[in-house]
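Novice: Next up is a structure, given as structure tokens.
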2 protein chains.
Amino acid sequence: MNISPANLFALLSHDTRLRSVMLLMAVDELCVCEFTAVFGAAQPHVSRHLGQLREAGLLRDRRGGQWIYYRLNPELPSWARDILDAVESGMRDQRPFVDDRAFIADSMDRRACGE
Amino acid sequence: MNISPANLFALLSHDTRLRSVMLLMAVDELCVCEFTAVFGAAQPHVSRHLGQLREAGLLRDRRGGQWIYYRLNPELPSWARDILDAVESGMRDQRPFVDDRAFIADSMDRRACGE
DNA sequence: TCGATATATTCCGAAAAGTGAATATATCTC
DNA sequence: GAGATATATTCACTTTTCGGAATATATCGA
């Protein structure tokens, strides 16, 4: 991954992208339709921003059937990882991040119950 | 200060602004002409970007004679301070930040010697 | 193969950000 | 007060980013 610090911040400067990254700090892997459900946003909107994060090397994607799952790139340079960790710990208790995680946790529960 | 996380990242997404903030993590206070000297940039360019950081509440300014000194706002919310600390520690050894600090240290020395 | 679902991409117009040049304002020095 | 220095702002322009709508692509299940 060849990304500059200023570039990383540009990626994090949009709410959709920031919330996506924050979610993936907590949940390991999510498919696009889950992002759209959490954000209440249109699918092309979410897909575009996830695409930008992927192109920059911040996220990796993987196809599983008709779904495409996104996760954090495990090979981020350490300085980028450090910053993301600080972002996560510094804003863990703020909205909308708490709500986003709660939403996902809830839908995971439902999935586990077979609903 | 009423700044959102995404807003903070937008401020840090421009090299001039990022380098300015990084310098002020190390040096406490600098006037505009020192920034222009370090960056080798035009004065209006630097002034504009420092102005954005000030308007957003990230920096404070103070007039001292014909100079205007900028410093980090000491009343940043803790989450913002945490992120800045991580940025600083994560990129301390990278260019151009090392060089920027070296430049400033050098000119401080010269000032101390009365040159 | 056909229809349904999930995702990505393209097109286009609007809004925002960035830049260089010129100019305005404030302060200092003489 | 006049000129010099430091800083901020405005103007005109270019570039980038963003959003919505439409469309393309891929997979699944019957």
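The values are calculated or read from the model by the stated rules, or taken from the named source; none is laboratory data. Model, not experiment: these values are computed from the prediction. When we count neighbours, we look across all protein chains shown, and the Cβ atoms used for this are built from the backbone with ideal geometry, even at glycine. SASA here: full protein model, heavy atoms, side chains in, ligands and nucleic acids out. Shrake-Rupley method; radii C 1.70, N 1.55, O 1.52, S 1.80 Å.
Novice: With respect to residue B:40, determine if the residue is in contact (Cβ under 8 Å) with a residue 12 or more places away in the chain and at positive phi.
Specialist: When the stated conditions are applied, residue B:40 does not pass them.
Novice: Condition check: of a type in the set (Gly, Ala, Ser), under 24 Å from residue A:15 (Cβ atoms), free of Cβ contacts under 8 Å to residues at least 24 places away in the same chain and within 14 Å of chain A (Cβ to nearest Cβ). Does residue B:89 satisfy that?
Specialist: no
Novice: Working only within segment A:7-36, note down all residues that are away from chain B (no Cβ under 14 Å), more than 9 Å from the chain's Cα centre (by Cα), surrounded by 15 or more Cβ atoms within 10 Å (Cβ to Cβ) and part of a helix (DSSP H, G or I).
Specialist: If the condition is that a residue be away from chain B (no Cβ under 14 Å), more than 9 Å from the chain's Cα centre (by Cα), surrounded by 15 or more Cβ atoms within 10 Å (Cβ to Cβ) and part of a helix (DSSP H, G or I), then A:32, A:34, A:36 are the ones that fit.
Novice: Mind checking which pairs have a first residue in segment A:61-78 that is within 14 Å of another protein chain (Cβ to nearest Cβ) and on the phi > 0 side of the Ramachandran plot and a second that is more than 9 Å from DNA strand D (Cβ to nearest atom) and not in a strand (DSSP E or B), Cβ under 6 Å, 6 or more apart or different chains?
Specialist: none
Novice: With the requirement that a residue be open to solvent by 70 Å² or more (accessible area, probe 1.4 Å), of a type outside the set (D, E, K, R) and within 10 Å of DNA strand C (Cβ to nearest atom), what does segment A:53-92 give you?
Specialist: A:66, A:67
Novice: Is it true that some residue in segment B:69-77 is in contact with a strand residue (DSSP E or B) (Cβ under 9 Å, 6 or more places away or on another chain), more than 24 Å from residue A:10 (Cβ to Cβ) and assigned to a helix (DSSP H, G or I)?
Specialist: No - not one qualifying residue is present in segment B:69-77.
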